[in-house]
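Structure first, commentary second.
The values are calculated or read from the model by the stated rules, or taken from the named source; none is laboratory data. Values in this document were obtained by computation on a predicted structure and should not be read as measured data. Please note: Cβ atoms are built from the backbone with ideal geometry, for glycine as well, and neighbour counts cover all protein chains shown.
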Amino acid sequence: MTRIIAAVLAYVLVALAPAQAQTYNLTLSGASPGGLWTLLGVGIDAAVREAYPGSVVTYQTSGGGFANIAIVNRGESELALAHDAELKMAVDGKGPFNAPVTSLRAIAFLYNWGPMQFIVIKDFADKYDLKSLADIKAKKAPIRIGINKRGNIGGDLSIALLEAAGITEKDLESWGGKIIYAASSEQSDLILNRRIDMVSNPIFVRHSSLRKIDESIDVVLLSVPNDIAGAVNAEMGTQDFVIPADSYKNQKEPVETITPGAALFVNAQMSDDDAYNLTKALFENIDKIQGVHGSMKALNRELMASLSVIPYHPGAIRYLKEAGLVKTN
């Protein structure tokens, strides 16, 4: 009898004890260390720890969005970052993907204000009367264009925009121009040394590398005509963007272009409860992400719920419906 009573008491004590709090130990695949995505990793970790004390989101460096898509598809990382254009190429089976990738599910869209910027030496633009991307073809300008290295989404977007404008690498060479593949930092040095006439990159307005160019030499921005923007947006999942007037010293008018964005995503195999909890943690602790860098202050919950190139995880949708961020059926 004594043993029975002790066993009953032990059961009651366990039943009445508070449930152990949920914790997470997750890996987030980002990009090379030191950039904005590293800071986003810090913010995501802080948001999850705020919601679930004792949790850890470990940032893992990688080759960037394309690599992260493969990593999550293989189940080697629970969370990852990628540009919307990279995700669109994955679901369409384009670029480095041999077949459509169907395992990707969104948790949150994190920013969409790193627009494509086509910055040209003013003397060159004046000589050939270049005001938009379409003018390069119309004037058959012998322009030397710095484009990000192959396999980088910035380079892919630049090529897509040129092709939508009817400009091929062969065309440029026939006009006396050329494409030079170089990383963003290398492009800055090339244009300052007059070895290229234009840099082409998706990057925050007035990024330090662009300010350096703008403060050192006279440059102008080329706009992206609506038909070219629309074609590339449909193909790559990007969006229209307007660079505000006076962002640069010779830019007196707004300049129309397009912008990619960056999203946090998971594998469809993640449980609905885990996806719900992670989404709730990020949306209800958005300040942890907004605080990682001045550029992230523009982040809001409506944007976080607006990614369209891949579906949101069902667990994420459950939270978004509860929060009134998507329509309920």
Among Ser208, Ser216, which is the only one that is farther than 22 Å from Arg150 by Cβ, free of Cβ contacts under 8 Å to residues at least 24 places away in the same chain and exposed (fewer than 15 other Cβ atoms within 10 Å of the Cβ)?
Ser208
Does region 178-190 contain any residue that is more than 24 Å from Leu36 (Cβ to Cβ), free of Cβ contacts under 8 Å to residues at least 40 places away in the same chain and of a type in the set (Val, Ile, Thr)?
yes
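Among the residues of region 173-182, is any in a loop (DSSP other than H, G, I, E, B) and polar (S, T, N, Q)?
No - not one qualifying residue is present in region 173-182.
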In region 99-159, which strands (runs of 3 or more DSSP E) lie fully inside it and hold 1 or more residues that are farther than 30 Å from Gly63 by Cβ and not acidic (Asp, Glu)?
116-121
Within region 228-249, can one find any residue that is buried (at least 18 other Cβ atoms within 10 Å of the Cβ), at positive phi and either touching a Pro at 6+ places or on another chain (Cβ under 8 Å) or not aliphatic (A, V, I, L, M) (or both)?
yes
Criterion first (under 17 Å from Gly64 (Cβ atoms), surrounded by 17 or more Cβ atoms within 10 Å (Cβ to Cβ) and either in the same structural domain as Ala67 (by TED's automatic domain parsing) or touching a Cys at 6+ places or on another chain (Cβ under 9 Å) (or both)) does Ala90 satisfy it?
yes
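In this structure, is Ala138 closer than 20 Å to Gln187 by Cα and assigned by TED's automatic domain parsing to the domain that holds Leu221? Write out each step before concluding.
Values: closer than 20 Å to Gln187 by Cα: no; assigned by TED's automatic domain parsing to the domain that holds Leu221: yes.
Taking the combined requirement at face value, the residue does not satisfy it.
Which one is nearest to the chain's Cα centre (by Cα), of the residues in region 26-46 that are part of a helix (DSSP H, G or I) and surrounded by fewer than 23 Cβ atoms within 10 Å (Cβ to Cβ)?
Taking region 26-46 and keeping what is part of a helix (DSSP H, G or I), we get 36-46.
When the remaining residues are screened for being surrounded by fewer than 23 Cβ atoms within 10 Å (Cβ to Cβ), the result is 36, 38-39, 42, 45-46.
On the way: Leu36: 10, Thr38: 13, Leu39: 13, Val42: 16, Asp45: 18, Ala46: 20 Å.
That would be Leu36.
Residues are listed down the side, and each one gets a yes or a no for (1) in contact with a helix residue (DSSP H, G or I) (Cβ under 6 Å, 6 or more places away or on another chain); (2) assigned by TED's automatic domain parsing to the domain that holds Leu303; (3) of a type in the set (A, V, I, L, M):
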{"site": "Leu192", "(1), (2), (3)": "yes, no, yes"}
{"site": "Leu210", "(1), (2), (3)": "no, no, yes"}
{"site": "Ser216", "(1), (2), (3)": "yes, no, no"}
{"site": "Leu222", "(1), (2), (3)": "yes, no, yes"}
{"site": "Asn226", "(1), (2), (3)": "no, no, no"}
{"site": "Ala245", "(1), (2), (3)": "no, no, yes"}
{"site": "Gln251", "(1), (2), (3)": "no, no, no"}
{"site": "Pro254", "(1), (2), (3)": "no, no, no"}
In contact with a strand residue (DSSP E or B) (Cβ under 9 Å, 6 or more places away or on another chain), in a strand (DSSP E or B) and either farther than 24 Å from Ala70 by Cα or not charged (D, E, K, R) (or both): does that describe Ala263?
yes
Which of the residues belonging to region 190-211 are more than 19 Å from the chain's Cα centre (by Cα) and at pLDDT 95 or above?
Leu190, Ile191, Leu192, Asn193, Arg194, Arg195, Ile196, Asp197, Met198, Val199
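hydroxyl-bearing (Ser, Thr, Tyr), modelled with pLDDT of 95 or more and either under 23 Å from the mean Cα position of the chain (by Cα) or closer than 25 Å to Ala263 by Cα (or both): which single residue out of Ser158, Ser132 fits that description?
Details: Ser132 fails: either under 23 Å from the mean Cα position of the chain (by Cα) or closer than 25 Å to Ala263 by Cα (or both).
Testing whether each residue is hydroxyl-bearing (Ser, Thr, Tyr), modelled with pLDDT of 95 or more and either under 23 Å from the mean Cα position of the chain (by Cα) or closer than 25 Å to Ala263 by Cα (or both) leaves just Ser158.
Here is a yes/no grid of residues against (1) among the charged types (D, E, K, R); (2) under 21 Å from Gly95 (Cα atoms); (3) touching a helix residue (DSSP H, G or I) at 6+ places or on another chain (Cβ under 6 Å):
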residue	(1), (2), (3)
Ala138	no, no, no
Pro142	no, no, no
Gly146	no, yes, yes
Asn152	no, yes, no
Gly155	no, yes, no
Leu161	no, yes, yes
Ser174	no, no, no
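Could you identify the single residue in Leu278, Leu307 that is within 22 Å of the chain's Cα centre (by Cα), assigned to a helix (DSSP H, G or I) and buried (at least 22 other Cβ atoms within 10 Å of the Cβ)?
Working: Leu307 fails: assigned to a helix (DSSP H, G or I).
Answer to the selection: Leu278.
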Quick check on Ala183: is it closer than 26 Å to Pro244 by Cα and buried (at least 16 other Cβ atoms within 10 Å of the Cβ)?
no
Can you find even one residue in region 266-273 that is modelled with pLDDT of 95 or more, of a type in the set (Asp, Glu) and at positive phi?
no
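Of all residues in region 47-66 being aliphatic (A, V, I, L, M) and buried (at least 22 other Cβ atoms within 10 Å of the Cβ), which is farthest from Leu278 (Cα to Cα)? Break it down into steps so the answer makes sense when it comes.
Of region 47-66, the ones aliphatic (A, V, I, L, M) are 47-48, 51, 56-57.
Narrowing the set further to residues that are buried (at least 22 other Cβ atoms within 10 Å of the Cβ) leaves 47-48, 57.
Values: Ala47: 9, Val48: 7, Val57: 11 Å.
So, considering only residues that are aliphatic (A, V, I, L, M) and buried (at least 22 other Cβ atoms within 10 Å of the Cβ), the one farthest from Leu278 (Cα to Cα) is Val57.
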